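Visitor: So that we are looking at the same thing, I have put the structure below in structure tokens.
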Amino acid sequence: MTFEYSPAPESTAIVDISAQYGLFINGKFVAAKGSKTFNTINPATEKVLSKIAYAQASDVDKAVVAARSAYTKVWSKMAPQERGKYLFRIARIMQERAREFAVLETMDNGKPIRETRDIDVPLAAAHFFYHAGWADKLKYAGAGDNPRPHGVVGQIIPWNFPLLMLAWKVAPALATGNTVVLKPAETTPLTALLFAEVCQQAGLPTGVVNIVTGDGATGSALVNHPDIDKIAFTGSTGVGKGIARAIAGTGKSATLELGGKGANIVFDDSPIDQTVEGIVSGIFFNQGHVCCAGSRLLVQENVHDELIEKLKRRISQIRVGDPLDKNTDLGAINSAAQLARIKEISSSGDAEGAHRWSPECTLPEKGFWYPPTIFTGVTQANRIAQEEIFGPVLSVLTFRTPQEAIDKANNTPYGLSAGVWTEKGSRILWAAKQLKAGVIWANTFNKFDPASPFGGYKESGWGREGGRHGLAAYLKGGEK
Ligand code: NAD
């Protein structure tokens, strides 16, 4: 017997979206120099939410000048424990306004309210709390006895975790005494602009945080600005490589958090029901728009059929639809462009002979949607085993021996995450040693904590964010 769910929509009354937003420079919202604007839309309905100012190079320059002045005159002179108090204040305001942030993020991004409410926003606040505590203890961060900030940091973030990526970037930068010019992604600027209001509410000295909205050209102007001391970028590997080339020889330091194609390895002694839950959260969390998603499932051959049968049964229960409904598991794809990309790579799976399966599900007519999908019979050479799809699509491969699992898992240009499912502790430790991935989860997946460093090997990036390692990257001499 199946029970129907009644709709449980979250009210949007708590958010107050302006018809138009300016740039946040030197503590104020200001108009951009040109009159160009762009729309941000709700990907679940395609309705325009707001018009956003488009920052050109001259606007980026104003933001950098404001950040430099705040750095020289105020922030670098402030006692560390005073800096810490501002971070605590920001963290508390984010908690107080958590519901507002969650609803706004769901509207602008398309991710389910269950995730923004329970994961994105609480974790973002946790990053500010964690780093607030570090502000006066930097001598212990691993960057020598007299750790010094870089100065002005340019930060560029993607659309998949807009507020959380902002927190990963802004909290350590401020705790270490840097000032910031941040550029959110063009499809998800609204929670960054709400964060600007939080900075005002917290009485943060003007110019310490500046937010410039725009696209790749705006990001490029920030990267190439001569008065930027460090770049912190999260996004695609292609753009990351371009940034590495642009700053080579300039003396700017950088952390780059890029793409991934995480292997989730299931050994035949794994607890199968628990493993199925881990696989589902590994690939369908945030519509699979997750750099560290477990997008390649490697299953030991003798448990493949049983596991896939249970997985299909579980995936059939995933609820796809209105992201503001509290029962929704899988929300909207963030943009038409991302949906086209998911469709294109997935169709290569069909063309290359893999077997596609999706449960019966009715997708809404308006907005951008893709059903939860698995491909079985995937081989290592297939595009869907090699390229990041960044959507709710799982590629399933098999292996016979533990060594074959490791070889297949490492057969990728990426190296961000991996998962290991087995009841044997010794096998977990053995596998973790062999896997070339920055984060390895054992009998769980997609768990995040501000105290835990996160980052990649190979084409997944340079440097770490989070924990003491992430902090050191914002201090001179701290990058390793
Ligand atoms: P993207 O690289 O297209 O864009 C990311 C940001 O960079 C956006 O703000 C964009 O405007 C800006 N940008 C684009 N071109 C630029 C340029 N030439 N110079 C400077 N900035 C530029 O990536 P995306 O599609 O927004 O995000 C998805 C990608 O991000 C995926 O590959 C995903 O794996 C990756 N990601 C990585 C992590 C991580 O921690 N490793 C976390 C989240 C997302």
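The values are calculated or read from the model by the stated rules, or taken from the named source; none is laboratory data. Note that this is a predicted model, so its numbers are computed, not measured. Note that each Cβ is placed from the backbone with ideal geometry, even for glycine, and that neighbours are counted across all protein chains shown.
Visitor: For the stretch 331-355, give me each residue that is part of a loop (DSSP other than H, G, I, E, B) and buried (at least 18 other Cβ atoms within 10 Å of the Cβ). Before the answer, list the steps.
Guide: Narrowing the stretch 331-355 to residues part of a loop (DSSP other than H, G, I, E, B): 331-335, 352-354.
Within the stretch 331-355, GLY331, ALA332, ILE333, ASN334, SER335, ALA354 meet the criteria.
Visitor: Related question: Are any residues in the stretch 177-194 within 15 Å of the ligand (Cβ to nearest atom) and either over 16 Å from the mean Cα position of the chain (by Cα) or closer than 23 Å to LYS73 by Cα (or both), and if so, which ones? Please lay out each step first, then the result.
Guide: Residues of the stretch 177-194 that are within 15 Å of the ligand (Cβ to nearest atom), as a first pass: 180-193.
Within the stretch 177-194, VAL180, VAL181, LEU182, LEU193 qualify.
Visitor: With (1) in contact (Cβ under 8 Å) with a residue 12 or more places away in the chain; (2) within 16 Å of the ligand (Cβ to nearest atom) as the list, and ARG245 as the residue in question, which single condition is left unmet?
Guide: Among (1) in contact (Cβ under 8 Å) with a residue 12 or more places away in the chain; (2) within 16 Å of the ligand (Cβ to nearest atom), ARG245 violates only (1).
Visitor: Which pairs turn up if I take residues in the stretch 185-209 that are assigned to a helix (DSSP H, G or I) and look for partners that are small (Gly, Ala, Ser) with beta carbon separation below 7 Å, at least 6 apart in sequence or on another chain?
Guide: What qualifies is LEU190/SER50; GLN200/GLY27.
Visitor: For the stretch 108-141, which positions are away from the ligand (no atom under 16 Å from the Cβ) and closer than 21 Å to GLU257 by Cα?
Guide: Our first condition is that a residue be away from the ligand (no atom under 16 Å from the Cβ); within the stretch 108-141, this holds for 112-114, 117-118, 121-122, 125-126, 128-141.
If the condition is that a residue be away from the ligand (no atom under 16 Å from the Cβ) and closer than 21 Å to GLU257 by Cα, then VAL121, ALA125, ALA126, PHE128, TYR130, HIS131, ALA141 are the ones that fit.
Visitor: Any residue at all in the stretch 368-390 that is free of Cβ contacts under 8 Å to residues at least 60 places away in the same chain, within 16 Å of the ligand (Cβ to nearest atom) and surrounded by 24 or more Cβ atoms within 10 Å (Cβ to Cβ)?
Guide: Yes, that holds for at least one residue.
Visitor: Here's something else I'd like to know. May I ask you to verify whether ASN26 is surrounded by 14 or more Cβ atoms within 10 Å (Cβ to Cβ), at pLDDT 95 or above and polar (S, T, N, Q)? Walk me through it before giving the result.
Guide: Working: surrounded by 14 or more Cβ atoms within 10 Å (Cβ to Cβ): yes; at pLDDT 95 or above: yes; polar (S, T, N, Q): yes.
Here the answer is yes, as ASN26 does meet what is asked.
Visitor: Of all residues in the stretch 356-404, count the ones that are farther than 20 Å from GLY415 by Cβ, in a loop (DSSP other than H, G, I, E, B) and not small (Gly, Ala, Ser). Steps first, please.
Guide: Narrowing the stretch 356-404 to residues farther than 20 Å from GLY415 by Cβ: 356-377, 379, 391-393, 396, 398, 400-401.
Filter once more, so that each one left must be in a loop (DSSP other than H, G, I, E, B): 358-372, 377, 379, 391-392, 400-401.
Narrowing further to those that are not small (Gly, Ala, Ser): 359-366, 368-372, 379, 392, 400-401.
Counting residues in the stretch 356-404 that are farther than 20 Å from GLY415 by Cβ, in a loop (DSSP other than H, G, I, E, B) and not small (Gly, Ala, Ser) gives 17.
Visitor: Could you check, for the stretch 442-450, whether at least one of its residues is surrounded by 20 or more Cβ atoms within 10 Å (Cβ to Cβ), touching a residue at least 12 places away in the same chain (Cβ under 8 Å) and farther than 29 Å from SER346 by Cβ? It would help to see each step written out before you state the result.
Guide: Taking the stretch 442-450 as the starting set, the residues that turn out to be surrounded by 20 or more Cβ atoms within 10 Å (Cβ to Cβ) are 445-446, 450.
After this cut, where a residue has to be touching a residue at least 12 places away in the same chain (Cβ under 8 Å) as well, the list is 445-446, 450.
Next, only the ones that are farther than 29 Å from SER346 by Cβ stay: 450.
So far as the stretch 442-450 goes, yes, one or more of its residues are surrounded by 20 or more Cβ atoms within 10 Å (Cβ to Cβ), touching a residue at least 12 places away in the same chain (Cβ under 8 Å) and farther than 29 Å from SER346 by Cβ.
Visitor: I'd like the full set of residues that are assigned to a helix (DSSP H, G or I) and away from the ligand (no atom under 14 Å from the Cβ), limited to the stretch 248-283.
Guide: Filtering the stretch 248-283 down to residues assigned to a helix (DSSP H, G or I) leaves 272-283.
ILE272, ASP273, GLN274, THR275, VAL276, GLU277, GLY278, ILE279, VAL280, SER281, GLY282 - these are the residues of the stretch 248-283 that are assigned to a helix (DSSP H, G or I) and away from the ligand (no atom under 14 Å from the Cβ).
Visitor: Residue by residue through the stretch 42-70, note down the ones that are in contact (Cβ under 8 Å) with a residue 40 or more places away in the chain, over 26 Å from THR179 (Cβ atoms) and either of a type in the set (Asp, Glu) or touching a strand residue (DSSP E or B) at 6+ places or on another chain (Cβ under 7 Å) (or both).
Guide: If we filter the stretch 42-70 for residues that are in contact (Cβ under 8 Å) with a residue 40 or more places away in the chain, which is where we start, we get 42-46, 49-50, 52-57, 59-61, 63-70.
Adding the requirement that they be over 26 Å from THR179 (Cβ atoms) leaves 42-46, 49-50.
Scanning the stretch 42-70 gives ASN42, GLU46, LEU49, SER50.
Visitor: Anything in the stretch 458-469 that is away from the ligand (no atom under 11 Å from the Cβ) and either surrounded by 19 or more Cβ atoms within 10 Å (Cβ to Cβ) or closer than 19 Å to TRP441 by Cα (or both)? List them, or say none. Let's see the steps before the verdict.
Guide: Just the residues of the stretch 458-469 that are away from the ligand (no atom under 11 Å from the Cβ), to begin with: 458, 467-469.
LYS458, GLY467, HIS469, listed by residue number.
Visitor: Just to be sure before I move on: is LYS312 surrounded by fewer than 20 Cβ atoms within 10 Å (Cβ to Cβ), under 26 Å from the mean Cα position of the chain (by Cα) and either over 21 Å from GLU46 (Cα atoms) or in contact (Cβ under 8 Å) with a residue 24 or more places away in the chain (or both) in the structure I sent?
Guide: Working: surrounded by fewer than 20 Cβ atoms within 10 Å (Cβ to Cβ): yes; under 26 Å from the mean Cα position of the chain (by Cα): no; either over 21 Å from GLU46 (Cα atoms) or in contact (Cβ under 8 Å) with a residue 24 or more places away in the chain (or both): yes.
So LYS312 fails the test.
Visitor: Exactly one of (1) assigned to a helix (DSSP H, G or I); (2) buried (at least 23 other Cβ atoms within 10 Å of the Cβ) is unmet by ALA217. Its number?
Guide: Every listed condition holds for ALA217 apart from (2).
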